[in-house]
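Just below is one structure, and these are the notes that go with it.
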Amino acid sequence: MVILFHRGANEADADALRAAMACRGLSSRTLRRRGQVALALEGAAAAPHAWPSSGELEAMSGVWRARASSVPYPLVSRELQPEPTLIEVRGVMVGGESLVLMAGPCAVEDEAQIFACAAAARANGATFLRGGAFKPRTSPHAFQGLGAAGLVLMRRAADAHGLRVVTEVVSPADVALVAGHADVLQVGARNMQNYALLAAVGAQARPVLLKRGLSATYEEWLLAAEYVVAAGNPQVMLCERGVRSFEPATRNLFDVAAVPMLRQLTHLPVLVDPSHATGRRALVAAAARAGVAAGADGVLVEIHPNPEAALSDGPQSLTFSEFRQMATQLARVAAAVDRPFAAEARDARTDA
Ligand code: PEP
Ligand code: MN
């Protein structure tokens, strides 16, 4: 049983409830949602009569909602919160009516590259600049990113073009640094089950974009999100980026069904990343269109001024003209499923 308190409820309400439950032999664990206390009630199955009903709990002081949970991730499940979580990032809503486009290079390489990407992103309706400053590379010999210098360049490029920054954090020790420059912290596929990192991004205030692990089930992915929310940060967006399969022709297998499935299981926004999901430039736009048609709240895509020369993920990075074409197509698919681009993005596109 999970109990959520009203935002205005105080610790005394929670203490009173804890004490009342202790009298029945039930223990409670405090879960944190920022500005809102939540309790998980736990007790011996041998004493079912001790369990209070939802109605009984909801009549107690400060309680907003109480639900028995049939899933191990109550905080992110629809059972407890049927309405979608909306995440506002400096005036742009993620998870609302509008589709959100996030574009940029795989990795920040230099000033000219990131500024060119920011201009192309803005001109084609994106409201976020993506890009890695800290890169989790499979090989220790591959480009590892510019680190802190990359964060500074990215922030400057995004500010120059009125964009928000989404960038990856790979270590708990870097969370404060990355949060000092970024608007959204990305947790990458390779770190989806890095529980120390999940706790660290959960303990700070920036929204989190949580990629699906390389071979993670929906339940494992939602439990990773549950870690972040339980640590105090309810602003989590999920991003489907393909999973490992037996097919070598594509980098990953794009699981488009993840979008409607997660829509049922969780109230968190769901985005798609057609770049890592396919690994091939020629397939990216089609996968993006499929993701939007399936109901994704946003698309995270890799672009590069000269993909052939990219230091990472060149084969899956779109040229600016391919990106323009994709954005035009996405706007049409989005309109067909009643998900217009963000108003700010529409304005930018008509200006370009
Ligand atoms: C990325 O977005 O550049 C990235 C490394 O993604 P993923 O964690 O999905 O592989
Ligand atoms: Mn990449």
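What follows is calculated from the coordinates using simple rules that are stated; it is not laboratory data. Since we're looking at a predicted model, the values are computed, not measured. Backbone-built Cβ (ideal geometry, glycine too); neighbour counts: all protein chains shown.
Would you mind telling me the antiparallel percentage of the DSSP bridges in the chain, rounded to 5?
40
State log₁₀ I(q)/I(0) for the range 266-341 at q = 0.12, 0.25, 0.26 Å⁻¹ as given by the Debye formula over alpha-carbon point scatterers of equal weight, solvent excluded.
Relative scattering, expressed as log10 I(q)/I(0), comes to -0.32, -1.11, -1.17.
Under 11 Å from a point 7 Å along the Cα-to-Cβ line of GLN36: which residues of the range 206-242 have their amide N that close?
Residues passing the 11 Å test: 234-235.
Return the long-range amide H neighbours of ARG78 (sequence gap of 5 or more, or a different chain), with a cut-off of under 5 Å between placed amide H atoms.
Amide H to amide H, under 5 Å and 5 or more residues apart or across chains, ARG78 pairs with THR266, HIS267.
Pull out the extension gain between ALA160 and ALA286, defined as 0.36 nm times the separation in residues minus the alpha carbon to alpha carbon distance; nm, one decimal.
42.3 nm
For LEU253 paired with ALA203, estimate the spin-label separation in nm (one decimal), with each label point 7 Å from Cα along the Cα-to-Cβ line.
So the two model labels end up 3.8 nm from each other.
In nm², what is the average projected area of the convex hull enclosing the Cα atoms of the range 129-266?
Values: hull surface 36.3 nm².
With the hull built on Cα positions only, its mean projection is 9.1 nm².
Measure nothing but the geometry: give the 0 to 90° angle between the long axis through the Cα atoms of 320-336 and the longest principal axis through the Cα atoms of the chain, rounded to 10°.
Value to nearest ten degrees: 40.
Can you tell which of VAL292, PRO307, VAL236 lies farthest toward the positive end of the dipole of the range 231-315, using +1 and -1 charges on the Cβ of basic and acidic side chains (Lys, Arg; Asp, Glu)?
Checked the options; the winner is VAL292.
Using each residue's phi in the range 235-248, evaluate 6.51 cos²θ - 1.76 cosθ + 1.60 at θ = phi - 60° and report the 3J(HN,Hα) Karplus result to the nearest Hz, with x for Gly and Pro.
Values, residue by residue: 8, 10, 10, 9, 9, 6, 10, x, 10, 4, 9, 7, 8, x Hz.
Name the residues whose placed amide hydrogens come within less than 5 Å of the amide hydrogen of PHE341, ignoring near sequence neighbours (fewer than 5 apart) on the same chain.
HN-HN under 5 Å from PHE341: LEU99.
Could you tell me the distance between the Cα centroids of the range 143-197 and the range 311-334, to the nearest Å?
Result: 22 Å between the Cα centres.
In whole Hz, with x marking every Gly and Pro, tabulate ³J(HN,Hα) for the range 135-145 from phi via Karplus 6.51 cos²θ - 1.76 cosθ + 1.60, θ = phi - 60°.
Coupling constants for the range 135-145: 10, x, 8, 4, 9, x, 8, 7, 3, 9, x Hz.
When all alpha-carbon pairs of the chain are counted, what percent fall beyond 30 Å?
37
Considering the chain as a Gaussian network with a 10 Å cut-off on Cα pairs, which listed residue, PRO269, PRO140, PRO260, attains the greatest mean-square fluctuation?
PRO140
Among ALA148, ALA285, ALA103, determine the one that fluctuates most according to a GNM of the chain built with springs between C-alpha atoms less than 10 Å apart.
Most flexible of the set in this elastic network: ALA148.
Please check: in the Gaussian network model of the chain (C-alpha springs, under 10 Å), which one of MET93, MET102, MET192 has the largest mean-square fluctuation.
In the Gaussian network model the winner is MET93.
How large is the Kirkwood hydrodynamic radius of the range 186-253, counting all unique pairs of alpha carbons, in Å?
12.1
Per-residue ellipticity at 222 nm for the chain, helices alone: DSSP H runs ≥ 4 residues times -39500 (n - 2.57), over residue total, nearest 500 deg cm²/dmol?
Helix-only estimate at 222 nm: -10000 deg cm²/dmol.
Rounded, prolate or oblate, given the Cα gyration tensor of the range 213-309, with a/c below 1.5 counting as rounded?
Note, shape of the range 213-309 comes out prolate.
Enumerate the amide H contacts of VAL165 below 5 Å, restricted to partners 5 or more residues apart or on another chain; note that Pro and chain-start residues carry no placed amide H.
Correct list: LEU129, ASP183, VAL184.
Hey, what do the phi angles of the range 54-70 turn into as Karplus ³J(HN,Hα) couplings, whole Hz, using 6.51/-1.76/1.60 and θ = phi - 60°, x for Gly and Pro?
Each residue of the range 54-70 in turn: 4, x, 4, 5, 5, 7, 7, 4, x, 7, 9, 8, 9, 9, 6, 10, 9 Hz.
Assign one of three labels to the range 91-202, namely rounded, prolate or oblate, based on the Cα gyration tensor with a ≥ b ≥ c the square roots of its eigenvalues; rounded applies when a/c is under 1.5, prolate when it is not and a/b is larger than b/c, and oblate otherwise. Walk me through the numbers on the way to the answer.
On the way: a/c = 1.83, a/b = 1.25, b/c = 1.46.
Taking the square roots of the gyration eigenvalues as a ≥ b ≥ c, the range 91-202 is oblate.
Hey, if you put +1 on the Cβ of every Lys and Arg and -1 on every Asp and Glu Cβ in the range 24-158, which of PRO72, SER28, ALA149 ends up farthest toward the positive end of that dipole?
My answer, from the dipole projection, is ALA149.
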